[in-house]
Amino acid sequence: MKNLTVFLSVIFIVFFFGGIMPAHADEMVLKPRVPADKMALAKGMANPGSLDKGFISAGKEIYTGKGRCVMCHGETGKGDSPMAAAFNPKPRDFTNLQWQKVRTDGEIFWAISEGTDYGMIPFGSSLSEKERWELVNYIREIGRLANPTLAKEQ
Ligand code: HEC
């Protein structure tokens, strides 16, 4: 009887955390980061370098170089750097298809410029506007490389 209780508890825990937790974690990742009163402004921003190879390669340089994004978001952009464990929520995983779909270019630009309430630091005063757009386009490229369906939609 005791064993059965333990067995059922284990099953419950596995299903509960296996089923409910990831959905909940995703919700946290997908929820908007731009304050409601700034959302229209962010969404209205036009990306000056969409799909531009020059922007993408410049963005990659800044990501690993002067921007030091790599320190937290990792080499592959999956948010799995050694430092990532210290954050909750984790530094964003740019290969996350749902996240790539739900965010507009302007919202990504806004987060890089202003930071977020959950641990992303602002780069608006340390990187130029062009550099921040280059990063947006590199982040989009990471998403396309990890999710071929995204590339087809663009
Ligand atoms: C000190 C660690 C750290 C560094 C350095 C860092 N980030 Fe982040 N970043 C985070 C964390 C933590 C989050 C998750 C915060 C959240 O969920 O709001 C995040 C989230 C983001 C997001 C997601 C915002 C959203 O709307 O979901 C973007 C985009 C981003 N970072 C881009 C960058 C870029 C580009 C750089 C380099 C210029 C960079 N980050 C450098 C820690 C970092």
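The values are calculated or read from the model by the stated rules, or taken from the named source; none is laboratory data. Since this is a predicted model, take the numbers as computed values, not measurements. Ideal geometry is used to build each Cβ from the backbone, glycine not excepted, and the neighbour counts take in all protein chains shown.
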Can you find a residue that is more than 10 Å from the ligand (Cβ to nearest atom) and either assigned to a helix (DSSP H, G or I) or closer than 22 Å to residue 146 by Cβ (or both) anywhere in the stretch 115-128? no
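Yes or no, residue by residue, for (1) within 13 Å of the ligand (Cβ to nearest atom); (2) exposed (fewer than 14 other Cβ atoms within 10 Å of the Cβ); (3) not in a loop (DSSP other than H, G, I, E, B):
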| residue | (1), (2), (3) |
| --- | --- |
| 33 | yes, no, no |
| 37 | no, yes, yes |
| 59 | yes, no, yes |
| 62 | yes, no, yes |
| 66 | yes, yes, no |
| 72 | yes, no, yes |
| 76 | no, no, no |
Criterion violated by residue 99 - all others in (1) buried (at least 18 other Cβ atoms within 10 Å of the Cβ); (2) in contact (Cβ under 8 Å) with a residue 60 or more places away in the chain; (3) near the ligand (Cβ under 8 Å from one of its atoms); (4) in a helix (DSSP H, G or I) satisfied: (1)
Of the numbered conditions (1) within 13 Å of the ligand (Cβ to nearest atom); (2) at pLDDT 95 or above; (3) on the phi < 0 side of the Ramachandran plot, residue 48 satisfies every one except a single condition; which is it? (1)
More than 8 Å from the ligand (Cβ to nearest atom), surrounded by fewer than 21 Cβ atoms within 10 Å (Cβ to Cβ) and among the hydrophobic types (A, V, I, L, M, F, W, C): does that describe residue 145? yes
